[in-house]
Structure formats: C-alpha cells, structure tokens
1. Among the numbered criteria (1) in the same structural domain as Asp41 (by the TED database); (2) farther than 24 Å from Met355 by Cα; (3) out of contact with any Leu (no Cβ under 8 Å at 6 or more places or on another chain), which single criterion is violated by Thr393?
2. When only residues in region 206-248 that are among the charged types (D, E, K, R) and in contact with a strand residue (DSSP E or B) (Cβ under 8 Å, 6 or more places away or on another chain) count, which is modelled with the highest pLDDT?
3. For the structure I just gave you, tell me whether Arg441 is open to solvent by 50 Å² or more (accessible area, probe 1.4 Å), within 30 Å of Val144 (Cα to Cα), in contact with a helix residue (DSSP H, G or I) (Cβ under 9 Å, 6 or more places away or on another chain) and touching a residue at least 24 places away in the same chain (Cβ under 8 Å).
4. Could you tell me whether any residue of region 501-516 is closer than 15 Å to Met315 by Cα, without any contact (Cβ under 8 Å) to a residue 40 or more places away in the chain and more than 30 Å from the chain's Cα centre (by Cα)?
5. Identify all residues within region 141-190 that are open to solvent by 20 Å² or more (accessible area, probe 1.4 Å) and charged (D, E, K, R); write none if there are none.
6. Out of all the residues in region 802-812, is one or more assigned to a helix (DSSP H, G or I), in the same structural domain as Val708 (by the TED database), open to solvent by less than 50 Å² (accessible area, probe 1.4 Å) and modelled with pLDDT of 80 or more?
7. Report whether or not Asp336 is part of a loop (DSSP other than H, G, I, E, B) and acidic (Asp, Glu).
8. Could you count how many residues in region 518-536 are in contact with a strand residue (DSSP E or B) (Cβ under 7 Å, 6 or more places away or on another chain) and closer than 24 Å to Val198 by Cβ?
Amino acid sequence: NTTWVVFRMVLLLNYSSASSSSSSCRLWEQFSLNGMYQKGDVILGGLFEVHYFTVFPELSFTSEPQQLYCEGFTSRGFQQAKTMAFAVDEINRNPDLLPNIKLGYQLYDNCLKLGVSLRAAMSLASGTEEEFLLDETCSGSPPVLGIVGDPGSTHSIKDDNIIGNVLLVSHYSTCSCLSNRGKYPSFFRTIPSDAFQVRAMIRILHRLGWTWVGLVFSDDDYGFHAARSFHLSLAESGGCVAYSQVLPKDNRPTELQRIVGEIKSSTARVVVVFSNEAYLLPLVDEVVVQNLKGLQWIASEAWSTSSVFHTPRLMPYLGGTLGIAIRRGEIPGLKDYLLSIRPDDQPANNPGNNMVKQFWEAVFGCRLEPPAGWVEAGGDVCTGQEDLRDVETDYGDVSELRPEYNVYKAVYALAHALHDLLRCVPGRGPFSGHHCASLQRLEPWQLVHYLERVNFTTGFGDRVSFDDNGDALAIYDIMNWVWLQDGSVQVETVGVIDESAPAGQELTLDEDRIFWNFESKKPPRSVCSESCPPGTRVARKKGEPVCCFNCISCAEGEVSNTTEDFWSSPERDLCVPKGVEFLSYQESLGISLMTASLLGALICAVVLGIFTRYRNTPVVKANNSELSFLLLLSLKLCFLCSLLFIGRPRLWTCQLRHAAFGISFVLCVSCILVKTMVVLAVFRTSKPGANASLKWFGAGQQRGTVLVLTSFQAAICTAWLVSASPTPHKNTRYHNDKIIYECVVGSVAGFGALLGYIGLLAFLSFLLAFLARNLPDNFNEAKFITFSMLIFCAVWISFVPAYVSSPGMYADAVEIFAILASSFGLLVALFGPKCYIILLRPERNTKKALMGRATTKT
C-alpha cells in the first residue's frame with residue numbers, strides 16, 4: 001500500500017512545461033478522491049473521515065495501477081463535512097464578515113487511511129487544475145487558504161510535515177505533541193490537547209477513588225502520547241496502571257484474545273481506553289465472545305459519543321461507560337440545511353464532487369447511475385427527489401454537535417483571521433516596515449499572525465481563541481451511557497470539567513445521575529490493595545506497584561497505616577502525631593545560645609566603637625589598624641552565624657549555615673595569620689641590613705593575602721553547595737516515636753574540606769605566633785595571638801568527637817558552642833589587653849611609653 005501511494009504521489013508531483021519559454025504548467029495526473037466543491041474567491045480546504053475502509057488495487061509493476069476506492073460510508077463524517085459547507089454559506093450571507101469576498105471550499109474524504117489523507121492534503125496544497133499559468137516569481141496565494149482537519153492526530157502530523165506552508169486547523173486531532181510550536185508553527189485546533197484530557201480523566205479517577213486501572217490505547221500517535229501522559233499523571237496522583245495494552249492495527253484475532261485475557265485476569269475493574277471506534281470495535285467484539293462483564297469503561301473523547309457501540313448486543317458489556325466528550329454546541333439552521341440537500345446540487349463536471357452522490361446512495365440503498373445489470377438484479381434506481389426526512393439516520397441528528405461544532409468554529413476562526421488581515425490599513429500593518437499582507441501574495445506565516453490573535457464569540461456563547469501553542473480552551477463534558485429498560489441507549493451529560501475554573505472547582509460531577517452497570521447499582525471498587533485497618537501497617541510487595549501492599553500487625557509503638565509523621569497509640573487503634581525535636585528559639589538551651597551569640601556580637605560592636613573613637617592612638621595604630629577593624633567585623637559575623645543553627649531547619653538555612661560559618665572564620669583566621677606575619681617582618685627590619693623587609697609586605701599586600709585566603713574557602717563552599725548541598729532531613733533513627741529535624745551535610749568530603757582549611761590556617765597562625773612569642777615587648781602582640789590560637793585549636797579539636805557523638809539537636813548545640821567559645825577566646829585574647837590600656841591606662845597609650853618600656857627591658 002505504501003509503495004502504491006508513493007508511486008501515485010510521484011505522478012501527481014510531476015509537471016511538464018509546454019515549452020522551454022512557456023510560463024504554464026500541466027498536471028500529468030490527478031488523484032481520484034471523494035469530495036465536495038464550491039467555487040469562491042478564496043478556497044478553504046477540508047479533510048474528513050467519511051468512509052471507514054480503503055480497498056487498494058493489486059500492483060503488477062508492469063502497468064499503471066488502478067485508483068483505490070473506499071467503503072463503509074459513515075453519516076457522521078459526512079455530517080461534519082456538510083457542517084463546514086454550511087458555515088461557509090453562512091459566512092457568505094453575513095454582510096459584516098468578509099464583505100465582497102466569497103468563500104468557497106474543497107472538501108476531501110481521507111477514508112481513515114494515512115495514504116489517502118496525504119494525497120488529499122497534497123491535492124489541496126497544489127491545486128487540481130490541469131493547466132495553470134505562473135508569473136515570473138512563482139508567487140501567489142496557494143490553492144487553499146487553510147485546511148480544516150485532519151481529524152486524526154497521526155494524519156495531522158504527517159500532513160503538516162508534507163504541506164507545512166498551509167494552515168491546518170484541526171477539529172479532532174488531540175495529540176499533545178502537536179502543541180510543539182517549534183515543529184508545528186502553522187497548526188491550530190479547536191479541540192483541547194490530550195494533555196488536558198488526561199488531566200480531566202485523572203480528576204474523575206481521583207474523585208471516585210479508583211487508583212488501580214487498566215490502560216488500552218491505539219497504535220498511533222494519538223494513543224502513544226496519551227498513554228505516556230496518562231502513566232505519568234496517574235503516578236503523580238498516587239494511582240497505578242495495572243496493565244498497558246496496545247490495540248493491533250491489523251486486528252489479529254490472537255492478539256485481541258491475548259489482550260482480553262489480560263483484562264480478564266487483572267484485578268483492576270476500571271479500563272481506560274484512548275482510541276477511536278475503528279481500532280476499538282474489534283476488541284469489544286472479542287469482549288463479547290469471551291463474555292467479559294463487570295468492567296467500568298472510561299472512554300476518551302475519540303469514542304465517548306460514538307453510536308457504533310450503542311447496540312443491544314454490546315450494552316451488557318459497555319453500559320454505564322463514563323467518557324470525556326468535547327464541548328457540545330448548537331448551530332441554528334444546520335438541521336434544515338442538512339436535510340435540504342439533493343444529489344444534483346453539486347456541479348457534475350468537478351471530479352472531486354461525488355461525496356453527496358455516495359451519501360445519497362448509501363442512505364436510500366439505490367443507485368443514481370446504475371451499472372449494467374443492476375436493475376435486472378432487482379436493484380433500485382434513485383430519482384434524486386427522495387426526502388431525507390422520510391428515513392431515520394444519524395445524519396440529521398443535531399442534538400449532540402461536538403466535532404461538528406469544532407468544525408464550525410474552525411471555519412469561523414479562519415474567516416475572522418482573513419477578515420482582520422483584509423482590514424489592515426496601509427502603513428500601519430503588523431509586518432516589517434508597517435506593511436500589510438496582500439491576498440494575492442499571501443505568505444502562510446502572515447495569516448498565522450492573525451489566527452493567533454483571533455478572539456470571537458459564537459452564537460452559542462462560546463469564546464473562540466488560541467493559546468500560545470495553538471490550542472483551544474479546555475472544556476469537557478462528562479458523558480454516561482445509560483442503558484434503558486427498552487434496550488435503547490441514552491448518552492447523558494453528568495458533569496463538566498473546565499480547566500479555566502478556579503483551583504479546586506475544575507470538576508463538577510453529579511454522581512447521583514450516573515448509571516452504574518452493576519447489580520449493586522453503585523460504583524465499583526478498583527484498588528490493588530485496600531487501606532490497612534487500624535493496628536496494622538503497610539508492607540510493600542517487592543517488584544509490585546506502590547498501590548499493591550500487604551497489611552501486617554503493628555508492633556508496640558510502630559507506625560500505623562498513616563504517614564511517617566504519625567505514631568500508633570498504645571492501643572494501636574489510632575494514629576497520633578509524633579513528637580518533633582529541633583533546637584528551638586523557645587527552649588531554654590536555644591534561648592541561652594542565642595543570648596550568648598547576640599552578646600558576643602554586641603561586644604564586638606562596642607570594641608569596634610572604641611577602636612574607631614581612639615583610631616589615632618598608638619595602641620590602635622600598631623600592627624595595621626585596618627586589619628584590626630576587619631578582624632572585629634569577621635568576629636561579629638562569627639557570632640551572628642551561630643543563629644542560623646537555631647530554629648527548624650529549612651533548605652536555605654541548611655545551605656547558608658555552614659557556608660557563613662566557614663567563610664567568617666577563614667576571614668578571621670586570615671587576618672590573624674597576616675598580623676603574625678607582619679610581626680615577624682617588622683622584627684626582621686630591626687636587625688642591621690634588613691630595613692627593606694617590609695617593602696614586599698605593605699598594606700596592599702596584606703589586604704590581598706586576606707582576600708586570596710578567604711576566596712579559597714568561598715570556592716570550597718560553592719563547590720560543596722553545587723555538588724551535594726546540605727538539606728533538611730526528618731530523622732527517626734534515634735527514636736521511633738520522635739522526629740528529629742536536622743540538616744544532613746550532603747557531602748562529608750565538602751564539610752571536611754571546610755573544617756580542614758580553617759584548621760590549616762589556624763595551625764599556621766599558631767606556629768608563627770609561637771615562634772615570635774619571645775620578641776621584644778613593643779612587638780608583644782605575638783604572645784596574645786599565640787594564646788588566642790591555643791584556645792581556638794583546643795576548642796575545635798575537642799569539637800569533632802563531641803559533634804559526631806551528639807544526637808539530634810545536641811549536634812547543633814555543640815557546633816554553636818564551639819563557634820561561641822572560639823570567638824569569645826579570640827575576642828578576649830586579642831582585644832582585651834588593648835581595651836584595658838585604652839580605657840584604664842591611657843598613660844601607656846603613647847608611643848613614648850611603649851618604646852620606653854621596651855628600652856628598660858633590653
């Protein structure tokens with residue numbers, strides 16, 4: 001079949017020039033397609049499913065193949081095609097929409113076959129005239145301005161790939177993949193995407209408590225994309241798919257028997273089906289053969305309103321079906337228009353104008369042009385004057401206009417876009433240079449611009465517009481197949497799903513009106529495992545979905561069948577909340593540590609004020625006062641960073657606490673290390689021949705050294721947070737009846753590198769200060785640095801084993817204590833003696849006094 005289609009398309013695409021200098025082209029051959037045609041200034045194309053089956057000729061590869069033909073006429077598909085014709089006629093009669101422009105149409109039947117759909121799309125895109133003229137630039141409007149259709153998602157995908165320069169506005173293609181504007185920039189639809197349909201189904205399943213469902217879908221783009229989206233959405237909502245089966249395209253009996261056997265053996269009582277009726281009907285026949293009852297079917301919009309299944313033979317199995325249906329609408333005047341057609345209304349000289357003839361013959365069971373022997377065999381001859389009101393058919397039923405209503409909206413959307421395009425004022429257009437589009441030289445993307453901005457209201461009161469993906473507003477009806485006592489079927493609307501409604505109000509479902517096809521007349525239970533009763537807990541089954549589990553008795557104090565935040569009561573018949581533990585601002589320990597932290601920060605601020613007030617005195621100016629101010633600021637940050645360890649752990653506090661602690665302490669220790677190096681450098685300058693020792697260690701080099709050393713710690717913290725960031729964690733390892741909130745470090749290596757770098761700088765500072773401890777008194781700051789580093793190292797060496805062995809909030813308390821103890825030690829040892837001289841012994845805060853004391857001791 002594929003070879004045949006390719007061969008015929010090659011014939012279609014081959015043109016021959018009348019002469020080398022001629023500007024005309026001639027089609028070598030035309031496809032034989034079922035269609036309807038009406039002439040107009042602007043032509044709209046249409047693709048519809050009017051026949052179910054396609055018969056391909058035999059291929060001999062020695063002669064030109066015969067044309068294919070279609071069988072299995074469906075009045076619903078023809079009704080959709082005539083609805084488009086009605087919309088075009090209605091627009092032509094409307095003086096306010098496209099005045100002085102007459103719309104025409106060329107509609108084709110795709111026969112539910114991809115190859116036929118591609119041929120029809122190519123014919124619409126290239127035109128059907130046997131010969132036509134070209135201008136010098138080969139520019140001009142395409143034979144059709146836009147195409148309404150194709151109904152099938154796979155067909156729409158392939159059609160768009162082949163004729164991507166022509167607008168497609170589908171009334172029934174729902175595949176979510178078509179929302180990709182990068183791949184399908186000229187595709188629009190008046191039916192919601194499957195992404196919305198899947199969400200609607202999940203809402204229904206959740207409302208009715210069905211967490212264990214089977215999934216059946218068609219072997220095409222529509223089925224596969226919907227199934228994938230359904231799997232993900234159901235898992236996110238806490239449900240599980242019991243089985244997932246693909247309907248075979250070739251309707252193999254063995255495969256259908258296997259699928260029905262899988263459905264029968266499953267414990268899932270709810271079956272969700274994404275398919276059209278053509279793929280699904282063979283499976284339903286097999287369900288009847290195997291007498292598989294007691295299932296709740298959930299229908300996608302592709303078959304939720306199909307009358308093919310509404311037969312006394314199928315209703316014992318499909319009665320009570322719930323389905324998602326596209327929005328129902330009303331089109332005034334459509335019924336009279338449908339029933340008023342005659343086979344001689346269409347021009348007979350158009351080769352693509354045979355659809356009405358086929359419809360007439362199918363409805364009345366006669367022939368308009370009987371073949372030889374037809375009358376002799378007892379066949380009836382059509383007069384063309386038969387009355388459609390005298391026959392009972394779905395064609396004239398306009399009570400459930402759903403895809404037909406979408407066709408109607410699609411035609412009007414194209415008309416409104418063209419109307420807006422033609423109203424453009426020269427010099428004020430939306431395109432480059434404020435130009436307007438020309439109907440004679442119209443580019444597809446120009447009409448896309450206007451179609452994206454279409455916004456109008458139908459006579460039924462529905463607003464028509466498109467989102468950024470070309471999708472329509474998502475509104476669905478929830479349908480229920482009611483099996484009446486007389487054997488007939490009535491499809492009733494029992495709810496609405498409106499995605500534009502406020503959160504929590506999207507689903508409206510009247511459960512009392514739903515017909516349940518079960519003896520109990522109640523909705524079935526469809527869960528893999530029932531909820532565990534009080535006194536028991538969930539035990540997962542290895543290799544099974546999360547919906548399937550066993551219930552085992554709770555041990556004393558063991559978590560019951562509620563969440564991990566609860567604990568069973570002593571009687572094991574009630575869930576009570578677990579206790580919560582973390583270092584809180586409301587507890588005495590937390591209050592004490594917070595007070596100490598704020599006190600340390602306040603003392604730093606006071607000392608900073610004192611140093612600022614006496615910044616020109618010798619004690620302050622000795623050994624780079626700039627480093628002293630920076631050291632005070634870093635100590636203040638050290639005190640304040642301990643506050644991040646108090647309170648309930650959050651993600652941002654877990655990430656910030658260790659980073660702030662590490663960078664603050666490195667800044668502090670870096671200042672001390674540089675001050676120690678300055679002491680040694682100054683002492684060397686006091687020796688003969690070493691007067692230039694400070695040349696290479698001036699104020700700028702000191703600031704640069706502090707900055708570089710601190711930057712290393714910032715890089716360590718950044719790498720740690722990016723690779724394995726600390727996170728909050730609920731710890732139940734220490735106590736079963738208590739939740740300990742804590743921050744896990746994420747990367748032990750990162751935490752170790754942070755502490756190790758601080759320890760390395762502290763050790764270097766201690767070592768250099770120890771070597772300089774016996775220098776003359778005028779450089780005696782080395783003694784205080786030695787003492788402060790001794791305190792610092794002692795605190796942090798004892799911190800590691802204490803931190804590791806402390807459980808829960810006490811680990812945070814230990815770290816805060818280490819931070820405060822080392823910070824107070826540095827503050828008192830380094831700044832206590834200087835504040836003593838500044839405030840209590842001002843007579844010693846002179847250069848002469850300092851140098852004089854040094855002289856008496858040497």
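1. (2)
2. It comes out as Arg207.
3. Taking the combined requirement at face value, the residue does not satisfy it.
4. Just the residues of region 501-516 that are closer than 15 Å to Met315 by Cα, to begin with: 515-516.
Subsequent filtering for residues that are without any contact (Cβ under 8 Å) to a residue 40 or more places away in the chain retains none.
No, every residue in region 501-516 fails to be closer than 15 Å to Met315 by Cα, without any contact (Cβ under 8 Å) to a residue 40 or more places away in the chain and more than 30 Å from the chain's Cα centre (by Cα).
5. Within region 141-190, Lys158, Arg181, Lys183 meet the criteria.
6. Yes, there is a match, as at least one residue in region 802-812 is assigned to a helix (DSSP H, G or I), in the same structural domain as Val708 (by the TED database), open to solvent by less than 50 Å² (accessible area, probe 1.4 Å) and modelled with pLDDT of 80 or more.
7. No; evaluated as a whole, the condition is false for this residue.
8. Matching residues across region 518-536 total 4.
The values are calculated or read from the model by the stated rules, or taken from the named source; none is laboratory data. Note that the structure is predicted; figures quoted are calculated from it, not measured. Here Cβ is always computed from backbone atoms with ideal geometry, including for glycine, and neighbour counts include all displayed protein chains. Quick note on the areas: whole protein, heavy atoms, side chains included, nothing else; ligands and nucleic acids left out. Shrake-Rupley method; radii C 1.70, N 1.55, O 1.52, S 1.80 Å.
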